[in-house]
Amino acid sequence: MMLVYPPIGLTADISGDKVLEIVIEEPEMFYRIADDIYSQVNGKPGEVVISENYVPIQLSKEADIITQFVPFTSNRKDILSHIYGRLKEKSVNEQFYNSTQELYAYIEKYLYDLAEDEDVEMDICRPEDIAAVLKAFELHIVETDRKLVERSFEYILASREYKKRSVFVTVGLRNYIKDSEAEDLFQSVLLNGITLICLEDKASARLKNESRIIIDKDLCII
């Protein structure tokens with residue numbers, strides 16, 4: 001894979017056995033590149049191009065970007081929406097269809113019994129699908145007090161599983177984790193065939209399983 005940013009002539013090879021770390025020392029350029037990728041992931045146009053076999057990939061469908069680490073949660077709206085969607089499909093398959101209908105009938109009876117003695121006549125509307133029930137019970141991913149590096153990897157796996165993302169971009173990750181933790185994370189994503197690009201504003205210790213490009217304050221590419 002390749003990452004290209006034409007305004008400054010940046011061309012970076014994304015090796016399958018290395019995490020790509022791009023250190024951008026000039027603050028405005030750091031923001032421009034991070035914002036460009038963020039915009040494309042969210043369906044807007046941009047100038048950063050990530051390609052595979054010289055064919056650009058659509059970042060809104062194949063990439064994810066992590067910009068917030070404090071607080072950090074895997075229970076993001078887009079992840080939960082994909083989980084609800086998968087469970088919705090399961091709720092009407094051969095295995096669960098009858099149980100789903102029984103659940104609706106039980107809830108309806110419970111609500112009518114609950115409202116029976118009220119002074120006004122009341123009615124209910126059956127939800128179109130199971131998603132309303134899932135949201136009412138706040139179905140969510142269990143998060144423990146594990147370290148940020150572990151929770152980050154958990155999110156990456158969830159995004160790949162439910163959003164079908166294969167390329168991940170982090171912004172400022174190494175400000176929050178130790179070098180040894182970064183080494184473990186990089187090794188884990190590579191072993192799982194995940195492409196990871198780290199945007200950083202300063203250089204940390206160089207790790208054995210990363211490749212690095214530096215854009216200095218004069219926008220020289222090293």
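The values are calculated or read from the model by the stated rules, or taken from the named source; none is laboratory data. Computed from a predicted model, the values in this text were never measured in an experiment. Cβ coordinates were reconstructed from backbone atoms using ideal geometry, including for glycine residues, and neighbour counts include every protein chain displayed.
Residues are listed down the side, and each one gets a yes or a no for (1) closer than 30 Å to ALA132 by Cβ; (2) among the charged types (D, E, K, R); (3) outside any loop (DSSP other than H, G, I, E, B); (4) touching a helix residue (DSSP H, G or I) at 6+ places or on another chain (Cβ under 8 Å):
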{"site": "ASP17", "(1), (2), (3), (4)": "no, yes, no, yes"}
{"site": "ALA34", "(1), (2), (3), (4)": "no, no, yes, no"}
{"site": "ILE37", "(1), (2), (3), (4)": "no, no, yes, yes"}
{"site": "GLY43", "(1), (2), (3), (4)": "yes, no, no, yes"}
{"site": "SER60", "(1), (2), (3), (4)": "yes, no, yes, yes"}
{"site": "PRO71", "(1), (2), (3), (4)": "yes, no, no, no"}
{"site": "ASN75", "(1), (2), (3), (4)": "yes, no, no, no"}
{"site": "ILE79", "(1), (2), (3), (4)": "yes, no, yes, yes"}
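Out of the stretch 17-53, which residues are surrounded by fewer than 19 Cβ atoms within 10 Å (Cβ to Cβ), within 24 Å of ASP179 (Cα to Cα) and touching a residue at least 12 places away in the same chain (Cβ under 8 Å)? Matches in the stretch 17-53: ASP17, LYS18, GLU25, GLU26, PRO27. The condition of being surrounded by 10 or more Cβ atoms within 10 Å (Cβ to Cβ) and among the charged types (D, E, K, R) holds for GLU102.
Would you confirm whether any residue within the stretch 127-140 is assigned by TED's automatic domain parsing to the domain that holds TYR31 and touching a Ser or Thr at 6+ places or on another chain (Cβ under 7 Å)? Within the stretch 127-140, none of the residues are assigned by TED's automatic domain parsing to the domain that holds TYR31 and touching a Ser or Thr at 6+ places or on another chain (Cβ under 7 Å).
Scanning the stretch 1-34 for residues that are within 19 Å of ILE65 (Cα to Cα), more than 21 Å from the chain's Cα centre (by Cα) and β-branched (Val, Ile, Thr) yields VAL4, VAL23, ILE24. Checking each residue in the stretch 113-135 for being assigned to a helix (DSSP H, G or I), free of Cβ contacts under 8 Å to residues at least 24 places away in the same chain and either closer than 24 Å to GLU161 by Cα or in contact with a helix residue (DSSP H, G or I) (Cβ under 9 Å, 6 or more places away or on another chain) (or both) picks out only ALA132.
Restricting attention to the stretch 141-196, the residues that are buried (at least 18 other Cβ atoms within 10 Å of the Cβ), in a loop (DSSP other than H, G, I, E, B) and small (Gly, Ala, Ser) total 0.
Scanning the stretch 131-154 for residues that are under 30 Å from ASN98 (Cβ atoms) and touching a Phe, Trp or Tyr at 6+ places or on another chain (Cβ under 8 Å) turns up ALA131, LEU134, LYS135, LEU139. In the set (1) among the polar types (S, T, N, Q); (2) at pLDDT 95 or above; (3) outside any strand (DSSP E or B), the condition left unmet by SER51 is number (3). In the set (1) surrounded by 17 or more Cβ atoms within 10 Å (Cβ to Cβ); (2) free of Cβ contacts under 8 Å to residues at least 40 places away in the same chain; (3) of a type outside the set (Asp, Glu), TYR84 fails one condition alone, (2). Scoring TYR110 on the criteria (1) assigned to a helix (DSSP H, G or I); (2) not small (Gly, Ala, Ser); (3) not assigned by TED's automatic domain parsing to the domain that holds ASP123 leaves a single failure, condition (3).
State whether one or more residues within the stretch 82-101 are within 28 Å of ASN175 (Cα to Cα) and under 30 Å from the mean Cα position of the chain (by Cα).
So far as the stretch 82-101 goes, no, none of its residues is within 28 Å of ASN175 (Cα to Cα) and under 30 Å from the mean Cα position of the chain (by Cα).
If only one of ARG146, ARG165 is assigned by TED's automatic domain parsing to the domain that holds LYS202 and modelled with pLDDT of 95 or more, which one is it? Sole residue among the options that is assigned by TED's automatic domain parsing to the domain that holds LYS202 and modelled with pLDDT of 95 or more: ARG165. Residues of the stretch 174-184 that are closer than 18 Å to LYS202 by Cβ and touching a helix residue (DSSP H, G or I) at 6+ places or on another chain (Cβ under 9 Å): ARG174, TYR176, ILE177, LYS178, GLU181, ALA182.
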